[in-house]
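Novice: Sharing a structure below in structure tokens format, with a few things to ask.
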Amino acid sequence: MQRMVINRILIGIVTLFVVSILVFVGTSILPGDVAEIVLGQAATPESLAAYRAERGLDQPLYIQFISWLQGMATGDLGISKAGGATISSLIDGRLGNTMYLAAIVAVISVPLSIALGLLAAMYPGTWIDRVLTFGTLSLISVPEFFIATFMVLILAVNLHWLPAISRISPDATFLEEMRGLAMPLITLIIVVSAQMIRMTRAGILNVMNSPYIEMAILKGVPRKRIILRHAFFNAIGPIVNVVALNLAYLVSGVVVVETIFAYPGLAKLMIDGVQTRDLPLVQACAMIFCGTYVVLIILADVAAILSNPRLRNPK
Amino acid sequence: MSELLEVRGLKIEAKKEDGTPIPIVKGVDFVVKAGQVVALIGESGSGKTTISLAALAYTRPGLEFCGGEVCLHGEDILTMPPLGQRNLRGNRVAYLAQSAAATFNPAITIGEQVTESAVLHGVLTQEEANIRAIELYGALELPDPELLGRRYPHQVSGGQLQRLMAAMALIGKPDLLVLDEPTTALDVTTQIEVLKAFKKVINEEGSAAIYVTHDLAVVAQVADHIVVLYSGEVQEQGSVEQIINNPQHPYTKRLMAAVKPKPTVDLASDAVDARHDREHDNVRVENMTAGYGGIIDGKPAITVLRDIDMSVENGHVVGVIGESGCGKSTLARVIAGLLAPAQGSISLDGKILPGNMLSRSRSELQKLQFVYQMADTALNPRQLIGDILGRPLQFYHGITGKENRRRVNELLELVELPIDFAERYQTELSGGQKQRVNLARALAAEPEVLLCDEVTSALDSIVSSNVIKLLSKLRDKTGVSFMFISHDLSTVASFADEIVVLYAGRVVEQGPVAKILAPPFHPYTRLLISSVPELRIGWLEETMGKREMAVGIARGVEITEVGCPFYNRCPMAIEGTCNLDTAPVHEPSSGHLIACHCSLEDIIAVEHETQQILKGFEGIGDKVDINPTGKAAVLTQEHF
């Protein structure tokens, strides 16, 4: 089992390496020369050459890649071209904001959706199940910008209950902060929960067809215990994978939500970077997103391995 | 006073998609008295499992009760509120399912699963339940009772799981046990051990039981009363003596007739003709070792087969027999080229074949065809039968168009199916029909050798005896050779010319059927033959009294690197020799090989004991006269 876990981690590292090549090559073949963009009107052949030499842009691509990768590995993410600040300092606060939002959403939505999924699986075909199925299906099909805009329209514009923008000032109290974050939180919780609820329900019901569940029924085990003790542990594998994918989405896929609520998160920073052709910034953000995915998927795999007694206790 | 369980006019229906009901159980009556074992027998589809589950007031999804009553101690359990039914299940009535491997939850320890119902129903506290579980493990002769509860289901063997399920059912001292084909999925030597444990525990606990099975020989060992079912109706019921010895209803008689005959020797067959010249070999396996995992120095990581020597002669049927895990299927896979051997060679018509099927030529592939056990999974459910059969015709022989269709029809006729089946899908066919299509598909290639892997194991006794009849006809008509793999000695004996007995990846005995089924025996073959249940009341007790059964049954298969693999279960084992050296091969008569350390004289000396077992084999008793030298009279006639 240890070997399997180590294997997963090694595969994760290889994946990250391959991704870093893709990110680097991908951003390098974007049209436009960095030196020309930065120097703009002041570009003369001499100044361009000097700039390239200073940044190592005249080196072959693979040398640039190696030094970039070295920087990434040691935490030196390079210097932004817009304003010349270090990228680490730009990302620092933004990453914190994104993680803060993601953490709150995760803490609320993961237990909530697993509980609702279990509830739907416990009473399949009843009104509870139907309401949950109808609700989750509708929410999956509605794009998130629609939910967000709709909420702004109702809660902020019409009712004036909540601010339409989620800028957090450092001296805000916790309550004010939560008021500011309420709408992005609700939007994200709705978006990620719908899928997790459906997968939990499907995963459990799939296991419910097994002969060992029939056996549990014939032993007179109450339905609640059948779901929680007999079915849930056998359905953990697929459920944690969906949870991991949704948590990764919270870090990287929330561009739309961050933009609509003008929330200063990492995804928005990356979009700004793309607009200003700030390639080192885009590269750094992309690597953080990919890293998050890889780490979460590894965690999900390890959780699935640990939940399987065949792998935990070999013969 | 009311009976323990009374079933009166029980009716159960399924609903079609359009709402029209399909009757599954059509008014069944029977009674289970306290301390009595009632057997429900019938083919699959007879409703026997559905009826047995009614004793727990349960129906599988899609079915519902629609009439009659099931009274436990006079109280109708079908009309009880759900809570009452739940309190009854696992408490007053307990269920044992067919496949323990599927019935145990893989994620929960054995101990928790065994004690769960008693603790939930408040019969015992967790501590009391743990103590009782350990007692039951001991009574069921399970190893390490103290530690067993902490293990997970995948950590114990199939036969042990089956007995653990009995412990799970008995934990709360139920009034009634429902046993649904509890030994059908087991090997004969495991079956006899589980049967023995069940019978002992049922006697000691004094509980009544409903025993569901299709195997009359098993019923004769355990039941007091038999209910014969067909298509959801009772055909006949009565005491076990009456049904077994004097069946009245035509259907019961048919069932009795389909009971697999005891392994018998038919002197009329040319089986005794023991020519062994290589000219006539279709397939020859020489000195072959194979297994799974990477091969280092000619040794695979996990060795499954060791030093196999065998051959399939032209037009002959070679039966390969052994318990699950002995390497039967692996042998077929190696011959088919699905698994390359680590050592040794496979030759076809005297020419050595490449180990891997990818390097074999199309004509070499065409000559060896594989028939899988599960026709359901071997036949593509989205292709018409005609296309499934037409494809090999086109692939191997380039036959297309009208000629292809004509040959498909011929093939269907050959396997005795109507030709309009070409326009159907496999999902519309019954199990036996699918297996016929499966055979026709292999025959379409016009092979020289068919490798049949447990082709009748998933079928009912009546259906499976029909498939065997078909196979014999096919052999006569087409002249194809067969390698016929089965764990069921009776099936093999009824069809094969030669038998290869595999044990833990090694050939322990091989030769013509008549010589395998007559002494001298390899000790394992003797155990195997003695373990086949007989349709005779009292057989179980009689057999268990024998010395070799006591040793052989108590231990499991161990795959060993050196020595004789059967050492730990052998009543004749010689310590210091059998466990260290590879067994020498004796040839008591031409073509009959026994791999054993004991001298032929010793093996023959035990045959006196064996004669008693053979008395049960009326077929052999009639035809083969066993004299004290251990050589069957047949041989004498043949050779002199």
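The values are calculated or read from the model by the stated rules, or taken from the named source; none is laboratory data. As the structure is a prediction and not an experimental result, all values here were calculated from the model. Counting neighbours? That spans all protein chains shown, and the Cβs are built from the backbone with ideal geometry, glycine included.
Novice: Suppose we filter the range B:35-60 for residues that are away from chain A (no Cβ under 14 Å) and surrounded by fewer than 23 Cβ atoms within 10 Å (Cβ to Cβ); how many remain?
Specialist: 5
Novice: For the subset of the range A:259-296 comprising residues that are under 30 Å from A:A231 (Cα atoms) and surrounded by 19 or more Cβ atoms within 10 Å (Cβ to Cβ), which member is nearest to the other protein chains (Cβ to nearest Cβ)? Break it down into steps so the answer makes sense when it comes.
Specialist: Going residue by residue through the range A:259-296, those that are under 30 Å from A:A231 (Cα atoms) are A:292-296.
Right, trim to surrounded by 19 or more Cβ atoms within 10 Å (Cβ to Cβ) and you get A:292-294, A:296.
On the way: A:T292: 29, A:Y293: 28, A:V294: 27, A:L296: 23 Å.
Filtering the range A:259-296 for residues that are under 30 Å from A:A231 (Cα atoms) and surrounded by 19 or more Cβ atoms within 10 Å (Cβ to Cβ), the one nearest to the other protein chains (Cβ to nearest Cβ) comes out as A:L296.
Novice: Could I ask something else about it? Give the number of residues within the range B:8-34 that are among the β-branched types (V, I, T), surrounded by 14 or more Cβ atoms within 10 Å (Cβ to Cβ) and either touching a helix residue (DSSP H, G or I) at 6+ places or on another chain (Cβ under 7 Å) or modelled with pLDDT under 90 (or both).
Specialist: Looking only at that region, the number is 4.
Novice: Go through (1) over 20 Å from A:D76 (Cα atoms); (2) charged (D, E, K, R); (3) at pLDDT below 85 and name the single condition A:D301 misses.
Specialist: It fails just one condition, (3).
Novice: Looking only at the range B:537-562, filter to residues that are in a loop (DSSP other than H, G, I, E, B) and modelled with pLDDT of 80 or more; which one of those is surrounded by the fewest Cβ atoms within 10 Å (Cβ to Cβ)? Working first, answer last.
Specialist: Taking the range B:537-562 first, the residues in a loop (DSSP other than H, G, I, E, B) are B:537-538, B:545-546, B:555-562.
Right, trim to modelled with pLDDT of 80 or more and you get B:537-538.
Details: B:I537: 15, B:G538: 10.
Once the filter is applied, the top-ranked residue is B:G538.
Novice: Same structure again: State the number of residues belonging to the range A:267-313 that are among the β-branched types (V, I, T) and not in a helix (DSSP H, G or I).
Specialist: 1
Novice: Yes or no: B:E112 of a type in the set (D, E), buried (at least 18 other Cβ atoms within 10 Å of the Cβ) and within 14 Å of chain A (Cβ to nearest Cβ)?
Specialist: no
Novice: Of the residues that sit in the range B:134-147 and are in a helix (DSSP H, G or I) and either among the β-branched types (V, I, T) or away from chain A (no Cβ under 14 Å) (or both), which one is surrounded by the fewest Cβ atoms within 10 Å (Cβ to Cβ)?
Specialist: Going through the qualifying residues, I end up with B:E146.
Novice: Follow-up question, since we're still on this one. Kindly indicate the residue of the range B:93-109 that is within 7 Å of another protein chain (Cβ to nearest Cβ) and in contact with a strand residue (DSSP E or B) (Cβ under 7 Å, 6 or more places away or on another chain) and also surrounded by the most Cβ atoms within 10 Å (Cβ to Cβ) among those meeting that condition.
Specialist: B:Y95
Novice: Okay, moving on. Which numbered condition trips up B:E64, out of (1) under 30 Å from A:I204 (Cβ atoms); (2) within 14 Å of chain A (Cβ to nearest Cβ)?
Specialist: Unmet condition: (2).
Novice: Among the residues of the range A:53-67, are any part of a helix (DSSP H, G or I), of a type in the set (V, I, T), free of Cβ contacts under 8 Å to residues at least 12 places away in the same chain and not assigned by TED's automatic domain parsing to the domain that holds A:I271?
Specialist: So far as the range A:53-67 goes, yes, one or more of its residues are part of a helix (DSSP H, G or I), of a type in the set (V, I, T), free of Cβ contacts under 8 Å to residues at least 12 places away in the same chain and not assigned by TED's automatic domain parsing to the domain that holds A:I271.
Novice: Determine the pairs where a residue that is more than 9 Å from chain A (Cβ to nearest Cβ) and closer than 22 Å to B:L56 by Cβ, located within the range B:148-172, has a partner that is acidic (D, E) and surrounded by 21 or more Cβ atoms within 10 Å (Cβ to Cβ) with Cβ atoms under 9 Å apart, the partner being 6 or more residues away or on another chain.
Specialist: Here the result reads B:R163/B:E193; B:I171/B:E116, each pair linking the range B:148-172 to a residue that is acidic (D, E) and surrounded by 21 or more Cβ atoms within 10 Å (Cβ to Cβ).
Novice: Scanning for something within 14 Å of chain B (Cβ to nearest Cβ) and closer than 24 Å to B:Y152 by Cβ, does the range A:297-304 turn up at least one residue?
Specialist: Yes, the conditions are met somewhere in the range A:297-304.
Novice: Tell me the residue from B:V455, B:V437, B:V463 that is within 22 Å of B:L338 (Cβ to Cβ), modelled with pLDDT under 90 and not in a strand (DSSP E or B), please.
Specialist: Sole residue among the options that is within 22 Å of B:L338 (Cβ to Cβ), modelled with pLDDT under 90 and not in a strand (DSSP E or B): B:V455.
Novice: State which residue pairs qualify: first residue in the same structural domain as A:A304 (by TED's automatic domain parsing) and closer than 17 Å to B:L161 by Cβ and inside the range A:209-233, second residue assigned to a loop (DSSP other than H, G, I, E, B) and of a type in the set (G, A, S) in any location, beta carbons under 7 Å apart, and separation of 6 or more residues or different chains.
Specialist: What qualifies is A:P211/B:A97; A:P211/B:S99; A:M215/B:A97; A:L218/B:G90; A:K219/B:G90.
Novice: Can you name the residue in the range B:567-602 that is outside any loop (DSSP other than H, G, I, E, B) and either in contact with a Lys or Arg (Cβ under 9 Å, 6 or more places away or on another chain) or of a type in the set (G, A, S) (or both) and, of all such residues, is nearest to B:V513 (Cα to Cα)? Working first, answer last.
Specialist: Let us first name the residues in the range B:567-602 that are outside any loop (DSSP other than H, G, I, E, B), namely B:567-569, B:585-589, B:592-595, B:600-602.
Within this subset, residues satisfying the condition of being either in contact with a Lys or Arg (Cβ under 9 Å, 6 or more places away or on another chain) or of a type in the set (G, A, S) (or both) are B:568-569, B:588-589, B:592, B:595.
On the way: B:N568: 27, B:R569: 24, B:P588: 14, B:S589: 13, B:H592: 9, B:A595: 17 Å.
So, considering only residues that are outside any loop (DSSP other than H, G, I, E, B) and either in contact with a Lys or Arg (Cβ under 9 Å, 6 or more places away or on another chain) or of a type in the set (G, A, S) (or both), the one nearest to B:V513 (Cα to Cα) is B:H592.
Novice: Looking at B:V218, is it under 29 Å from B:L502 (Cβ atoms), surrounded by fewer than 22 Cβ atoms within 10 Å (Cβ to Cβ) and either hydrophobic (A, V, I, L, M, F, W, C) or in the same structural domain as B:E75 (by TED's automatic domain parsing) (or both)?
Specialist: no
Novice: Another question, then. Would you confirm, using the coordinates I've provided, whether A:R52 is surrounded by 14 or more Cβ atoms within 10 Å (Cβ to Cβ), of a type outside the set (A, V, I, L, M, F, W, C) and within 22 Å of A:V251 (Cβ to Cβ)?
Specialist: Judged against the criteria, A:R52 is not a match.
Novice: Has the range B:321-332 got at least one residue that is of a type in the set (D, E, K, R) and either touching a strand residue (DSSP E or B) at 6+ places or on another chain (Cβ under 6 Å) or crowded, with 20+ Cβ neighbours inside 10 Å (or both)? Talk me through it step by step, then tell me what you get.
Specialist: Going residue by residue through the range B:321-332, those that are of a type in the set (D, E, K, R) are B:323, B:328.
Adding the requirement that they be either touching a strand residue (DSSP E or B) at 6+ places or on another chain (Cβ under 6 Å) or crowded, with 20+ Cβ neighbours inside 10 Å (or both) leaves B:323, B:328.
Checked against the condition, which is being of a type in the set (D, E, K, R) and either touching a strand residue (DSSP E or B) at 6+ places or on another chain (Cβ under 6 Å) or crowded, with 20+ Cβ neighbours inside 10 Å (or both), the range B:321-332 yields at least one hit.
Novice: Now for a separate question. So which residues in the range B:293-316 are out of contact with any Phe, Trp or Tyr (no Cβ under 9 Å at 6 or more places or on another chain), hydrophobic (A, V, I, L, M, F, W, C) and touching a residue at least 60 places away in the same chain (Cβ under 8 Å)?
Specialist: The answer is B:L305, B:I308, B:M310.
Novice: Give the residue that is surrounded by the fewest Cβ atoms within 10 Å (Cβ to Cβ), with candidates limited to residues of the range B:344-392 that are outside the structural domain of B:S457 (by TED's automatic domain parsing) and of a type in the set (K, R).
Specialist: The residue in question is B:R382.
Novice: Oh, and also: Look through the range A:211-237, keep the residues that are small (G, A, S) and within 22 Å of B:A118 (Cα to Cα), and return whichever of them is farthest from the other protein chains (Cβ to nearest Cβ). Spell out the reasoning first.
Specialist: The first filter runs over the range A:211-237 and keeps only residues small (G, A, S), leaving A:216, A:220, A:231, A:235, A:237.
Okay, now just the ones that are also within 22 Å of B:A118 (Cα to Cα), so A:216, A:220, A:231.
Details: A:A216: 7, A:G220: 4, A:A231: 9 Å.
Ranking the qualifying residues of the range A:211-237, first place goes to A:A231.
Novice: Scan the range B:77-92 and report the pairs whose first residue is at the interface with chain A (Cβ under 9 Å from one of its Cβ atoms) and whose second residue is surrounded by fewer than 21 Cβ atoms within 10 Å (Cβ to Cβ), with Cβ atoms within less than 7 Å and a gap of 6+ or a chain change.
Specialist: Listed pairs, sorted by first residue: B:R86/A:P222; B:N87/B:H121; B:G90/B:H121; B:N91/B:H121; B:N91/B:V123.
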